[in-house]
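Accompanying notes for the structure given below.
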Amino acid sequence: MSRDHDPPVAPVEERWPAISFQERMDTATFDVHERAHIVVDGAVCRDCSTRDCVVACPANLFVPTSDGGIVFNYEQCFECGTCYLVCNREGAISWSYPEGGHGVIFRRT
Amino acid sequence: MADAAPQRDVDAIIVGAGPAGSCAAIALARAGHRVVLLERGPFPGSKNMYGGVVYPRILDSLIPGWWDEAPVQRWITRRSTMVLTDTSSMSIDFRNDAWARPPYNGATAYRPDFDFWLAGHAESAGAELLCSTTATGLLRDGAGRVIGVRTDRPDGDLTAHIVLACDGVNSFLSKEAGLYQHAEAKNFTLGVKETIGFPKEIIDERFGVRGREGVDIEILGGTGGVNGGGFVYTNLDTVSVGVVLKLPKLAAQQRRPEEIIAGLKAHSAIAPLIEGGELKEYSAHLIPEAGWSMLPKLTTDGMLVAGDAAALCLAAGIWLEGVNFAMASGMYAGQTAADALRRGDTSEAGLGGYERRLASTFVLRDHRKLRRAPELVLSDRVQHRYPQLVTSVVERMFQVDNPLPKPGLRRILAQERKRAGVRRRDLVRDGWAGLRTFG
């Protein structure tokens with residue numbers, strides 16, 4: 001059988017409803033506290049060339065800025081710990097858990 | 001010193017109402033001790049997710065008949081081990097009817113449901129559950145002995161004769177106590193998961209199961225060049241699909257986790273199982289992956305550590321277990337703490353029974369036996385070269401290239417081994433390592 005006769009397979013974007021990263025993150029629930037539980041020192045990040053946090057954070061919370069720094073948004077954090085483990089700059093990431101009751105909440109059925 | 005025992009708020013503080021903490025609390029409370037179980041989430045399980053299968057037989061002694069009440073999604077009756085390359089897949093598919101009946105084997109369950117249920121048993125046993133409370137540090141006496149925890153509650157400090165750190169994979173308490181040397185990225189994997197909703201009938205049909213029967217597919221390959229693995233699990237009306245990614249490789253490959261899941265979902269072996277569903281939840285969590293080689297010290301004066309906090313998670317390729325190790329280590333920690341409280345000696349020496357209990361049961365015996373597995377399973381050859389080798393050998397075995405005659409298996413093996421860039425002595429060495437590891 002030649003490939004010409006294969007049934008057409010829809011491209012990936014048609015087989016799943018298109019979903020933006022923000023919509024993806026909105027499927028999880030976050031009870032955001034006013035205090036940021038993770039603080040990133042952009043000055044330390046400025047001369048970092050690997051930017052491992054930007055790639056590895058599953059919530060995509062590390063955003064490179066045009067001036068070579070990194071902006072971190074703590075609000076939709078899974079509290080997983082990936083960022084401080086992959087970070088190779090001493091003092092760049094100050095990591096703690098959010099205040100009790102706050103942060104990510106995985107749902108009960 | 002013959003001082004009377006100092007006053008403490010409670011007998012035992014358990015930090016973390018996950019499977020380890022709740023089983024520890026059940027053991028301690030049933031022994032008659034005053035126990036506080038701290039949980040930083042608004043309810044037990046709210047911070048917890050996992051790949052998806054729990055093996056609860058360790059509960060036989062703690063909660064007899066647990067299968068009648070545990071909030072299980074499906075009982076695993078089909079277990080597939082799948083090897084993926086970009087354009088092919090090979091599965092070993094095992095189905096067992098006995099796993100659909102008590103005492104069962106594995107089950108899929110949502111952790112917020114399962115952990116909530118287990119913590120309910122801790123409360124029924126008499127433990128006091130305090131949710132929305134983060135333990136922010138240890139309290140120690142002048143001699144350095146752990147005597148309680150600081151919390152972020154207004155009334156702050158809480159003292160006890162013993163603290164059980166069941167505070168999960170990041171365990172800041174065991175790091176503060178000096179039980180961990182240094183947490184290294186290479187010892188951890190990141191698990192990311194999508195839970196995708198379908199009508200139950202579609203899941204039954206696509207996966208070939210009925211009623212409460214469920215499927216567990218473990219995947220080698222399909223992780224976009226990042227060392228790790230993939231998984232697909234059936235819940236009642238959702239399918240969990242996700243990947244486990246070795247942290248340093250993930251960072252080095254410059255591919256984002258959700259892109260790697262998307263790649264797995266698009267594979268011809270996976271896509272027909274999950275297309276058309278609605279994304280219900282995206283989530284992520286770290287896994288202490290390195291097993292035996294990363295185990296911390298388990299006790300210090302006034303403190304024990306259990307579960308993921310003690311890195312007691314078995315990531316041995318064909319065996320992927322964690323909740324059972326957490327429940328068991330928590331239970332043994334609770335029993336040891338109860339004995340120590342009764343004797344009035346919660347020093348490190350007085351807690352020596354914990355490691356003895358773990359060493360005489362599956363908790364440390366499995367870890368010791370499989371101590372070489374995580375490194376072997378996550379090695380570059382097993383991750384990248386062997387899937388190619390295996391699938392290309394099978395492809396040539398089953399491809400009918402008439403008018404050419406069938407090539408002999410030995411010739412196929414030799415040719416494909418060369419093509420996959422695997423040296424004969426490495427194959428022999430890895431085969432031997434595999435036998436020593438899993439045999």
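Overview of values
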| item | result |
| --- | --- |
| Residue match in segment A:56-70 (condition: in contact (Cβ under 8 Å) with a residue 12 or more places away in the chain, within 11 Å of chain B (Cβ to nearest Cβ), surrounded by 21 or more Cβ atoms within 10 Å (Cβ to Cβ) and part of a helix (DSSP H, G or I)) | yes |
| Single match in B:Ala251, B:Ala309 (criterion: of a type in the set (Gly, Ala, Ser), under 22 Å from B:Pro374 (Cα atoms) and at pLDDT 95 or above) | B:Ala309 |
| Residue in segment B:161-178 that is hydroxyl-bearing (Ser, Thr, Tyr), within 14 Å of chain A (Cβ to nearest Cβ) and within 30 Å of B:Pro374 (Cα to Cα) present | yes |
| Lone qualifier among B:Leu341, B:Leu286, B:Leu298, B:Leu378 - being closer than 23 Å to B:Asp216 by Cα and either at pLDDT 95 or above or touching a Leu at 6+ places or on another chain (Cβ under 9 Å) (or both) | B:Leu286 |
| Hits in segment B:239-264 (condition: at the interface with another protein chain (Cβ under 9 Å from one of its Cβ atoms) and either over 27 Å from B:Glu289 (Cα atoms) or surrounded by fewer than 24 Cβ atoms within 10 Å (Cβ to Cβ) (or both)) | B:Pro248, B:Ala252, B:Gln253, B:Gln254, B:Arg255, B:Arg256, B:Glu258, B:Ala262 |
| Some residue of segment B:354-367 being modelled with pLDDT of 95 or more, of a type in the set (Gly, Ala, Ser) and either out of contact with any Gly (no Cβ under 8 Å at 6 or more places or on another chain) or over 30 Å from B:Lys418 (Cβ atoms) (or both) | yes |
| Of all residues in segment B:103-126 being more than 18 Å from the chain's Cα centre (by Cα) and hydrophobic (A, V, I, L, M, F, W, C), the one that is farthest from the other protein chains (Cβ to nearest Cβ) | B:Ala125 |
| B:Ile92 of a type in the set (Val, Ile, Thr) and either in a strand (DSSP E or B) or surrounded by fewer than 20 Cβ atoms within 10 Å (Cβ to Cβ) (or both) | yes |
| Residues of segment B:105-124 classified as of a type in the set (Ser, Thr, Tyr) and touching a residue at least 40 places away in the same chain (Cβ under 8 Å), total | 2 |
| Which listed residue is touching a Cys at 6+ places or on another chain (Cβ under 8 Å) and either of a type in the set (Val, Ile, Thr) or in the same structural domain as B:Glu201 (by TED's automatic domain parsing) (or both), from B:Val305, B:Val363 | B:Val305 |
| Tally, over segment B:127-147, of residues that are part of a loop (DSSP other than H, G, I, E, B) and under 27 Å from B:Ala284 (Cα atoms) | 4 |
| Matching entry among B:Asp366, B:Asp380 (being in contact with a strand residue (DSSP E or B) (Cβ under 8 Å, 6 or more places away or on another chain) and either over 18 Å from B:Leu298 (Cβ atoms) or crowded, with 18+ Cβ neighbours inside 10 Å (or both)) | B:Asp366 |
| Filter pass, B:Pro272 being at pLDDT 95 or above and more than 12 Å from B:Ile196 (Cβ to Cβ) | yes |
| Strands (runs of 3 or more DSSP E) wholly inside segment B:148-237 that include at least 1 residues being surrounded by fewer than 22 Cβ atoms within 10 Å (Cβ to Cβ), assigned by TED's automatic domain parsing to the domain that holds B:Ala262 and within 23 Å of the chain's Cα centre (by Cα) | B:213-220 |
| A:Glu90 vs. criteria in contact with a strand residue (DSSP E or B) (Cβ under 8 Å, 6 or more places away or on another chain), without any contact (Cβ under 8 Å) to a residue 60 or more places away in the chain and more than 8 Å from chain B (Cβ to nearest Cβ) | no |
| Residue list for segment A:71-86, restricted to those being part of a loop (DSSP other than H, G, I, E, B) and either of a type in the set (A, V, I, L, M) or within 9 Å of chain B (Cβ to nearest Cβ) (or both) | A:Phe78, A:Glu79, A:Cys80, A:Gly81 |
| Residues of segment B:126-145 that turn out to be touching a helix residue (DSSP H, G or I) at 6+ places or on another chain (Cβ under 6 Å) and crowded, with 18+ Cβ neighbours inside 10 Å, as a count | 3 |
| Count of residues meeting criterion [buried (at least 18 other Cβ atoms within 10 Å of the Cβ) and farther than 15 Å from B:Thr195 by Cβ] in segment B:39-62 | 13 |
| Residue match in segment B:7-19 (condition: modelled with pLDDT under 95, away from chain A (no Cβ under 14 Å) and surrounded by fewer than 21 Cβ atoms within 10 Å (Cβ to Cβ)) | yes |
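The values are calculated or read from the model by the stated rules, or taken from the named source; none is laboratory data. Bear in mind the structure is a predicted one, so any value in this text is a computation, not a measurement. All Cβ positions, even for glycine, are placed from backbone atoms using ideal geometry, and neighbour counts span all protein chains on display.
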